[in-house]
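The values are calculated or read from the model by the stated rules, or taken from the named source; none is laboratory data. These numbers come from a predicted model, not from an experiment. In this analysis, Cβ positions are derived from the backbone assuming ideal geometry, glycine residues included, and neighbour counts consider all displayed protein chains. Surface areas here come from the heavy atoms of the whole protein model, side chains and all, with no ligands, DNA or RNA. Shrake-Rupley method; radii C 1.70, N 1.55, O 1.52, S 1.80 Å.
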Amino acid sequence: MMKSNKPTTIKEIARKLKISPSTVSRALNDHPSIGLVTTMRVKKMAEELNYEPNQTAIFFKQRKTFTIGVILPTLSEPFFSSAISAIEGIAEDRKYTVLLGQSLDDANRETQIITTFKKHRVDGILMSLGKNTTDLSFVDVLASSQIPVVFFDCVPESNEVHRVYCDLASGMEEAIEAFISRGHKNIALINGPETLLAAAERTASFQKALIKNNYEFNEKYVVHTDLTEGGNQAAMEQLCVLPERPSAIVSFNDFVTLDVIKYARGKGISVGQDMHFISFANYPLWKYMENPPLASIEQYPDEQGRKAAEILFEILDSSDKIEPQEVVFPSKLVLK
């Protein structure tokens, strides 16, 4: 006779021990109304029959799946790796499983991931928006299913959602002052896509920092990239053909800087002499380079991820509605 592959049920344990299924259930959960001997007999039989609890039934009863979803533009960047490590640390302490999805900055892919998470009934979602995301209607859709969302790093320009992000102005101001103190006159900004809130904030803080230091703001020294290698190099080319080529550049992030440094060297521009760089993110990769940028601007991805997770669990633990929270970390210049 072939052995059945069907999972063992509470009813089967009850039948073999000649007790009620409810007694078996209580014993498996160490209910105080069940005596020690009965509890031990039930657990021994459960082990012999390779019994595993029906998680679906448990989730249905508790109205929780003990999973959270995390949606990121990419999993390959050290920035998001640090954020994920912090998020998983918080989730592990709460005995939650983390499901990951990367949008690759594709709005349609992002929507598909959200739909999948919703179908799997995740208890909540942590999300960093893709650069091409403009439609936020999914927030209301998830809310109607009682799935809260907390945004971090790349966040929407809305006070009606939970947001954790880094204030870029403080780091930008320090970057401009570092360039000026070293005698640079023509300072440029290679920014991200104009649709990003973070890009608009970088431009505003760049202009403010220049004016604060009695420098004229020239729009020609602000160029945008779509964050692809080709886009980064095209942005750099725009600056290099200016009559007065910039000697100092603040770039959107360290990966943009890698591409533009490669372009500069290809054009015979000496990095660290003819042209100097400061970029956002502060990835650890620079310690492996002979001529790193002058500095990086730290955005604290681990602290952002940790705080976003804490807010999400606060929402999940509360029986009352939690008003939208905004937590802002100051950015900081880190000299190399």
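Scanning the stretch 289-321 for residues that are assigned to a loop (DSSP other than H, G, I, E, B) and free of Cβ contacts under 8 Å to residues at least 60 places away in the same chain turns up 289, 290, 291, 292, 293, 318, 319, 320, 321. Can you confirm whether residue 311 is buried (at least 17 other Cβ atoms within 10 Å of the Cβ), aliphatic (A, V, I, L, M), farther than 19 Å from residue 187 by Cα and out of contact with any Gly (no Cβ under 9 Å at 6 or more places or on another chain)? So residue 311 fits the description; yes. Looking across 2, 45, one residue alone is over 16 Å from the mean Cα position of the chain (by Cα), at pLDDT 90 or above and not β-branched (Val, Ile, Thr). It is 45.
Checked against the criterion of being within 28 Å of the chain's Cα centre (by Cα), closer than 18 Å to residue 167 by Cβ, surrounded by fewer than 18 Cβ atoms within 10 Å (Cβ to Cβ) and not small (Gly, Ala, Ser), the candidates 189, 197 yield just one match: 197. The condition of being among the hydrophobic types (A, V, I, L, M, F, W, C) and crowded, with 17+ Cβ neighbours inside 10 Å holds for residue 142. When the stretch 60-76 is filtered for residues that are in contact (Cβ under 8 Å) with a residue 40 or more places away in the chain and either open to solvent by less than 40 Å² (accessible area, probe 1.4 Å) or on the phi > 0 side of the Ramachandran plot (or both), the ones remaining, listed by number, are 65, 66, 67, 68, 69, 70, 71, 72, 73. Of all residues in the stretch 299-307, none are farther than 30 Å from residue 125 by Cβ, at pLDDT 95 or above and among the acidic types (Asp, Glu). Got at least one residue in the stretch 270-280 being within 21 Å of the chain's Cα centre (by Cα) and without any contact (Cβ under 8 Å) to a residue 40 or more places away in the chain? Yes, that holds for at least one residue. Total residues in the stretch 160-181 satisfying the condition of being modelled with pLDDT of 95 or more and open to solvent by 50 Å² or more (accessible area, probe 1.4 Å): the figure is 4.
Is it true that residue 99 is of a type outside the set (Phe, Trp, Tyr), without any contact (Cβ under 8 Å) to a residue 60 or more places away in the chain and in contact with a Gly (Cβ under 6 Å, 6 or more places away or on another chain)? It is true that residue 99 is of a type outside the set (Phe, Trp, Tyr), without any contact (Cβ under 8 Å) to a residue 60 or more places away in the chain and in contact with a Gly (Cβ under 6 Å, 6 or more places away or on another chain).
Residue-wise test of (1) open to solvent by less than 10 Å² (accessible area, probe 1.4 Å); (2) hydroxyl-bearing (Ser, Thr, Tyr); (3) under 30 Å from residue 148 (Cα atoms).
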{"residue": "257", "(1), (2), (3)": "yes, yes, no"}
{"residue": "261", "(1), (2), (3)": "yes, no, no"}
{"residue": "268", "(1), (2), (3)": "no, no, no"}
{"residue": "288", "(1), (2), (3)": "no, yes, no"}
{"residue": "294", "(1), (2), (3)": "no, no, no"}
{"residue": "298", "(1), (2), (3)": "no, no, yes"}
{"residue": "319", "(1), (2), (3)": "no, yes, yes"}
{"residue": "332", "(1), (2), (3)": "no, no, no"}
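When each of 244, 237 is tested for being among the acidic types (Asp, Glu) and in a loop (DSSP other than H, G, I, E, B), the lone residue that passes is 244. Filtering the stretch 128-176 to residues that are free of Cβ contacts under 8 Å to residues at least 60 places away in the same chain and in a strand (DSSP E or B) leaves only 149. Among the residues of the stretch 81-104, the one identified as assigned to a loop (DSSP other than H, G, I, E, B), within 30 Å of residue 227 (Cα to Cα) and touching a strand residue (DSSP E or B) at 6+ places or on another chain (Cβ under 9 Å) is 103.
Mind checking whether some residue in the stretch 211-232 is within 22 Å of residue 81 (Cβ to Cβ), over 23 Å from the mean Cα position of the chain (by Cα) and either among the small types (Gly, Ala, Ser) or crowded, with 22+ Cβ neighbours inside 10 Å (or both)? No: the stretch 211-232 contains no residue that is within 22 Å of residue 81 (Cβ to Cβ), over 23 Å from the mean Cα position of the chain (by Cα) and either among the small types (Gly, Ala, Ser) or crowded, with 22+ Cβ neighbours inside 10 Å (or both). Residue count for the stretch 105-127, restricted to those that are assigned to a loop (DSSP other than H, G, I, E, B) and surrounded by 13 or more Cβ atoms within 10 Å (Cβ to Cβ): 5. Residues that are out of contact with any helix residue (DSSP H, G or I) (no Cβ under 7 Å at 6 or more places or on another chain) and among the small types (Gly, Ala, Ser) were ranked within the stretch 161-197; the one that is nearest to residue 222 (Cα to Cα) is 175.
Test residue 137 against the stated conditions and say whether it is at pLDDT below 90, surrounded by fewer than 13 Cβ atoms within 10 Å (Cβ to Cβ) and among the polar types (S, T, N, Q). So residue 137 does not fit the description; no.
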